[in-house]
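Asks: Below is one structure. I have some questions about it.
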Amino acid sequence: MEVFFLALLVLIMAFALGSGFPVAFALPGAAITTIAIAAASGYLFAGEADAFFVNGGPGGWLSAGVLNLRGLYIEVERDTLIAIPLFIFMGIMLQRSKIAEDLLVTMAQLFGPVPGGLGISVVFVGALLAATTGIVGATVVAMGLISLPAMLRNNYSKPLATGTIAASGTLGQIIPPSIVLIILADQLASATDQASTARKALHKASTGELSMPSEYDVSGTSAGEMFLGAFVPGLVLVALYMAFILAFALLRPKLAPAVPYEGERNAKFWGNVLLTLVPPLALIFLVLGSIIGGVATVNQAGAIGAAGAMIMAGYRLKEGERGAYVPALISLGAIVVLFVIATRFGLNVRSIETAQDRTVLMVAIAAVATLLISLIWSGYRTLKIEDTLRGVMMETAKTTSLVFVILLGAAILISAFRAFGGEHLVKGFLESLPGGFWSQFVIVMLVIFVLGFFLDFIEIAVVVVPITAPILLADPTANITAVWLGVMIGLNIQTSFLTPPFGFALFYLRGVAPPAVKTTDMYKGVVAFISLQLAALVIVGLFPPLVNYLPNRTSLLSETAPPPRNPRIQQCLESYVYGELQANGPRIASAIEDARGLDLSYLPEALAEDLADGFAAAATATQLLPQAIEAEGVKNDAAGAFRPVLRQVRAIERDIRALDAEIEERGTLAARMGRDGREDDAAAEQALIAELTEARDALTARIPDTWQDTFSAFRELETAEVNLRRRYRRAGDDSSEAALETLLVLDGTEALRALEPRLQEMLARIGQEAPEDLVDPITELRAAFSDIEGARDVRGAVNDARSALRGREPNPAEAIAAMEEALRLHADQIAWRDRAETELRPGLAAYVEEITQTVGARQRERMPRSMALSIAACESSHRDLSLHF
């Protein structure tokens, strides 16, 4: 019956949407109606309102929907939705202030003489508007009103002209900052958590281990990472559009002719081009650059964009009048001052000590106040001129409300879908498909593409993603990243604006196109661009680094980059080190041999032993890593024959677990029926349990007899590789640990030398002053030695003196002896440290510099740039983890 109510849920939703009922009410309305019908049916026909629900009753699932709804606002981790109204405001403000119109006109003049130049200019401006507005309707309408008449007047093909405008207008869905990407990041955040739980359960069921290594976990995403991931694919799509238009113009020049610029390309012309292009490009740089550079969060970048758009609108609406650019110039000057202060002096209020610090703070406050004045001034202009600000605020409120109400409705709809086991049904269907992950992925992409014919991007993102994304992310076969999946879905969703019969971009363009342009022309025009979008989808699907590299690079080069010891990057780190050993093996070996030839005889015995062991460990590590790589190659060769058997057995075991769960559930139901006196129903359940048990036994018999031997043989190969890698990592850590500690010890020599007068003074005071008066000064002296690396023995002697003076019976003589011992140890320390400073440090520093670039890299606090870039590239490709499950 649950399947019946799932179908009823979908039918009610489809009927409501098809009849023109608002989406914001159709989604929750269909959910609540279906839950009510299911509860009433259960009460009437089965005597229980929760009879047709999975794990709970109607009240529980409605409450779950409300909790999902509340989570949109209450969960701190999901605050990226705040960026939505900010970016909407930025886009509408730029459109209403006619800055988008200026871009179109200027680009048409600039690219017109090139074959297909008008079309290329439309794509170029569409990309710029996408990076500044992201509002499809506004972009398509603006370009339709300005560019379409010009293209038709210059004998452009109607299908090419309309297709170019419609496709370029949809670029805002994939080129950041994009509302689609923000919503997808929000949906994928919870999907990642579900996928992580599912993968851990799969690992436990497959291996029997209680915990899963963190390097096998699902990688999450954020709105900032989604922006970074979508940047290159967006440029790929723009390049495909431009290349197609140029090729079309070269092959059919009469249908996309060049349009010579009738005016002069003088200084005034180029000045106008710069004035039109530079501010929007600067705004793009501030918004995206602040996110990429880690300076601002997505919410803060949205605020930057909104403020920048209002300042730009302030001078554009006063264009041609005296003082039009004054607020913008004032804000620019304030920003320059703040940038100089932030880079040269810093703005930490807590660290203010000198008069210069106070002066810098006052200048910064004045610059912020000036910036606020210019912002208020620009806002006042937009409010008074054509009531622009009020209109922008109203449109922002309407669009934002639409987005959030749909999100809330979808939260309740998803809860109803899960109430009837829809999630398990979809998961079972996808897992039953032949071909593994990629067949599942293709089916999901196909469903999204088809839904794009009928639904808006928001409905697709908030309904399909929560259901399918956890299933795709949990699969260890492809081990895809959440940011890659989000960008792929975003590229696919983008087609929803172009695909007939309900492509919204087509509706927007139809509303402003002249009667001479037929709807069929528009449909013909978008076919080529839909094909280009699908081609971009295939390109990005086949080359994941196009998405993953930029987020990885930014993360690994940031101030909060993970250290080299992070478990997730060990495989890539070892690949980098192996490459260095192959390229520079003789140099590394020479550095190790030079270190082993250093004289360590005068060092403390323990320190000398640690250093010698470290040098030996470095030589061992250089031998173990190639052995581990070789063992990996042997394992990979065997994996070719082992993987199909593994997948076959794991699929059978998965089906067995599903049958076991159903047998347990029906056993519980049969027992409850027996207690209620429903013996016939209980007997029917027992008969069904017997059938299920027989099916489970049949599945168990399908497991090959050689499976355990095959599994054990492969696990031996895998264990050999794992053990070699563990030995290598241990040896690599030992290779640099003692050397780094020794350099820290030598760095503290001067601080240790400076404590000798205090030791002498304390020795003189013992016996001359009351013991209780000396305890606190000696405690402070002991603390001073605690801060110096390698001075533990001196600290211990000082502590002995302190102990001798404490208690009921102080012993000054014992304290004097301990302090004399401390002075002797101090002198010994200074002697060998001074010698090591000249004889040992140069060679040891050279060894550390060489070894921490390779086998000893895990001891570094941060990765060097070359290492980070190599690991970022390595991590950008998806790695099959199925052999570990």
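The values are calculated or read from the model by the stated rules, or taken from the named source; none is laboratory data. Given the structure is predicted, the values throughout are model-derived calculations rather than measurements. Using ideal geometry, Cβ is built from the backbone for each residue, glycine included, and neighbour counts are taken over all protein chains shown. Calculation scope for accessible area: heavy atoms of the full protein, side chains included, ligands and nucleic acids excluded. Shrake-Rupley method; radii C 1.70, N 1.55, O 1.52, S 1.80 Å.
Asks: In the range 630-661, which residues are closer than 25 Å to residue 720 by Cβ, touching a Ser or Thr at 6+ places or on another chain (Cβ under 8 Å) and hydrophobic (A, V, I, L, M, F, W, C)?
Replies: Residues satisfying the conditions are 642, 645, 646.
Asks: Look through the range 851-885, keep the residues that are of a type in the set (Ser, Thr, Tyr) and touching a Lys or Arg at 6+ places or on another chain (Cβ under 8 Å), and return whichever of them is surrounded by the fewest Cβ atoms within 10 Å (Cβ to Cβ).
Replies: Among those that are of a type in the set (Ser, Thr, Tyr) and touching a Lys or Arg at 6+ places or on another chain (Cβ under 8 Å), it is 882.
Asks: Continuing with this model, one more query. What number goes with the only condition from (1) open to solvent by 50 Å² or more (accessible area, probe 1.4 Å); (2) more than 20 Å from the chain's Cα centre (by Cα); (3) touching a residue at least 24 places away in the same chain (Cβ under 8 Å); (4) over 24 Å from residue 536 (Cα atoms) that residue 259 does not pass?
Replies: (1)
Asks: Anything in the range 652-675 that is closer than 30 Å to residue 711 by Cβ and surrounded by 15 or more Cβ atoms within 10 Å (Cβ to Cβ)? List them, or say none.
Replies: Residues satisfying the conditions are 652, 653, 654, 655, 656, 658, 659, 662, 663.
Asks: Continuing with this model, one more query. Kindly provide the set of residues from the range 488-543 that are open to solvent by less than 10 Å² (accessible area, probe 1.4 Å), over 20 Å from residue 450 (Cα atoms) and either basic (Lys, Arg) or not in a helix (DSSP H, G or I) (or both), ordered by number.
Replies: Within the range 488-543, 517 is the sole residue that qualifies.
Asks: Any idea which of 731, 698, 687 is at pLDDT 90 or above and in a helix (DSSP H, G or I)?
Replies: That would be 731, the only listed residue that is at pLDDT 90 or above and in a helix (DSSP H, G or I).
Asks: Before we move on, is residue 223 within 19 Å of the chain's Cα centre (by Cα) and of a type in the set (A, V, I, L, M)?
Replies: Yes, satisfied.
Asks: Just need a number here: residues in the range 292-309 that are within 19 Å of residue 175 (Cα to Cα), open to solvent by 20 Å² or more (accessible area, probe 1.4 Å) and either among the aliphatic types (A, V, I, L, M) or part of a helix (DSSP H, G or I) (or both).
Replies: So the answer is 5.
Asks: Do the conditions hold for residue 795, that is, is it among the basic types (Lys, Arg), open to solvent by 60 Å² or more (accessible area, probe 1.4 Å), within 29 Å of residue 607 (Cα to Cα) and in a helix (DSSP H, G or I)?
Replies: Answer is yes for this residue.
Asks: Could you please find all residues in the range 106-118 being touching a Ser or Thr at 6+ places or on another chain (Cβ under 8 Å), farther than 15 Å from residue 244 by Cβ and touching a residue at least 40 places away in the same chain (Cβ under 8 Å)?
Replies: Correct list: 106, 108, 110, 112.
Asks: Any idea which of 808, 835, 824 is among the basic types (Lys, Arg), part of a helix (DSSP H, G or I), without any contact (Cβ under 8 Å) to a residue 12 or more places away in the chain and open to solvent by 60 Å² or more (accessible area, probe 1.4 Å)?
Replies: That would be 824, the only listed residue that is among the basic types (Lys, Arg), part of a helix (DSSP H, G or I), without any contact (Cβ under 8 Å) to a residue 12 or more places away in the chain and open to solvent by 60 Å² or more (accessible area, probe 1.4 Å).
Asks: Same structure again: Condition first: buried (at least 23 other Cβ atoms within 10 Å of the Cβ) and in contact with a Gly (Cβ under 8 Å, 6 or more places away or on another chain). Now tell me which residues in the range 310-333 satisfy that.
Replies: Of everything in the range 310-333, those that are buried (at least 23 other Cβ atoms within 10 Å of the Cβ) and in contact with a Gly (Cβ under 8 Å, 6 or more places away or on another chain) turn out to be 310, 314, 327.
Asks: Quick check, is residue 374 assigned to a helix (DSSP H, G or I) and either in contact (Cβ under 8 Å) with a residue 40 or more places away in the chain or not small (Gly, Ala, Ser) (or both)?
Replies: yes
Asks: Tell me which residues, restricted to the range 775-793, are more than 13 Å from residue 758 (Cα to Cα) and without any contact (Cβ under 8 Å) to a residue 60 or more places away in the chain.
Replies: Scanning the range 775-793 gives 775, 776, 786, 787, 788, 789, 791, 792, 793.
Asks: Quick one: is residue 678 open to solvent by 80 Å² or more (accessible area, probe 1.4 Å), over 30 Å from residue 826 (Cα atoms) and touching a residue at least 40 places away in the same chain (Cβ under 8 Å)?
Replies: Answer is no for this residue.
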